[in-house]
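These notes are about the structure you will find just below.
The values are calculated or read from the model by the stated rules, or taken from the named source; none is laboratory data. Nothing here was measured: the structure is a model prediction, and the numbers come from that model. Virtual Cβ from ideal backbone geometry, glycine too; neighbours counted across all protein chains shown.
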Amino acid sequence: MTGGTLKAWAQASRLPFFVATFIPLIIGWSMAVKTTGTARPGRFLLVLLGSLIVHLITNLANDYFDHLVGTDAGESIGGSRVIQEGKISPQVMLRVIIALYVIAFFIAYIIVFHFRLHLLAIPVLFSAFSSYFYVAPPIRYGYHGLGELFVGINMGPIMVAGTYWVVAGTPALEPLLVSIPVGIMVASILYYQSLPDMKTDEASGKMTLAVRLGRKGAFRGLIVFFILIYASIFWLILAGFLSPWALMSLISVLLIVKLIRIVLGTDDWVLLDLHGKYVRMVYFICGLSIIAGILLKA
């Protein structure tokens, strides 16, 4: 059995995608600090650690269960491929997943019961189960075109509003509204990453949203995601939830235009895997713009 080197585990964790976790947490924290005037860094660090662990679990479980059903076999470029390349054995990966779940539940227990935030247990349990059943049987919602929806909910409303709740000590509507573009952006990252694997996913029975839409529909879907991102940010500015500083997000439009041209000019969508960095850069720029829009609001 292969336990894997540190480099192999770094590959399995897919570190570049962890920006998707940092942005919503910082947004929720920024809103709590702005509202209450109290940072509570200890609480924030607990939320950060727990969220990063759950994100890691989701990535590892995705690799493990996709390997079991053969989704990432053959010509597929999905997942980290550490199992297919023999760098980490499935048995070792499963043990690590279980160990990480134990740590994550311990952190969640502290947050929910030590800080007396009992109702927070509901979104926490939702996140825990959805991280596991993304590709795990019997639900495997990622195989039924629901991956973007669940990821958007978990890394948008739950992370932003949940972080605010923990730090501020009470829930609020405003973080939920501000989380809308965040959830859409994270969903767009997952959606784009599914485009290169459409053929192999369909062949293995993994009916992602992109597979269900077909090639033409999948391209239109990408455009819709981008439109919704900026439309939701504009609405938050007009409604007074963000300051005009959030308009800095428009800088990322240049990256969107470049990416659209790449997609239109690429016959073999497997090659789109090389350009996923542009979607993550859009998320990073827009995320920082939203944070600025929060902190610099009068």
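Among the residues of region 165-208, write down those that are in contact (Cβ under 8 Å) with a residue 24 or more places away in the chain and of a type in the set (Val, Ile, Thr).
VAL166, VAL167, VAL178, ILE180, VAL182, ILE184, VAL186, ILE189, THR200, THR208
Assess whether GLU202 counts as being in a helix (DSSP H, G or I) and at pLDDT below 95.
yes
For region 168-199, give me the residue count where each residue is within 20 Å of TRP29 (Cβ to Cβ) and not in a helix (DSSP H, G or I).
4
Take GLY287 and tell me if it is buried (at least 20 other Cβ atoms within 10 Å of the Cβ) and touching a Pro at 6+ places or on another chain (Cβ under 9 Å).
Answer is yes for this residue.
Which one of these does THR35 not meet: (1) touching a residue at least 24 places away in the same chain (Cβ under 8 Å); (2) at positive phi?
The single condition THR35 does not satisfy is (2).
Do we find that ALA20 is in a helix (DSSP H, G or I), surrounded by fewer than 19 Cβ atoms within 10 Å (Cβ to Cβ) and either free of Cβ contacts under 8 Å to residues at least 60 places away in the same chain or among the small types (Gly, Ala, Ser) (or both) in this structure?
no
What number of residues in region 38-57 are surrounded by fewer than 20 Cβ atoms within 10 Å (Cβ to Cβ) and in contact (Cβ under 8 Å) with a residue 60 or more places away in the chain?
Number of matching residues: 5.
Give region 168-218 a look and list any residue that's more than 30 Å from VAL33 (Cα to Cα), surrounded by fewer than 17 Cβ atoms within 10 Å (Cβ to Cβ) and of a type in the set (A, V, I, L, M), or say none.
ALA203, MET207
Just the residues that are small (Gly, Ala, Ser) and over 22 Å from the mean Cα position of the chain (by Cα), please, taken from region 218-242.
ALA239, GLY240
So which of TRP269, TRP245 is over 21 Å from the mean Cα position of the chain (by Cα), within 14 Å of LEU195 (Cβ to Cβ), of a type outside the set (Asp, Glu) and surrounded by 17 or more Cβ atoms within 10 Å (Cβ to Cβ)?
Exactly one residue qualifies, and that residue is TRP269.
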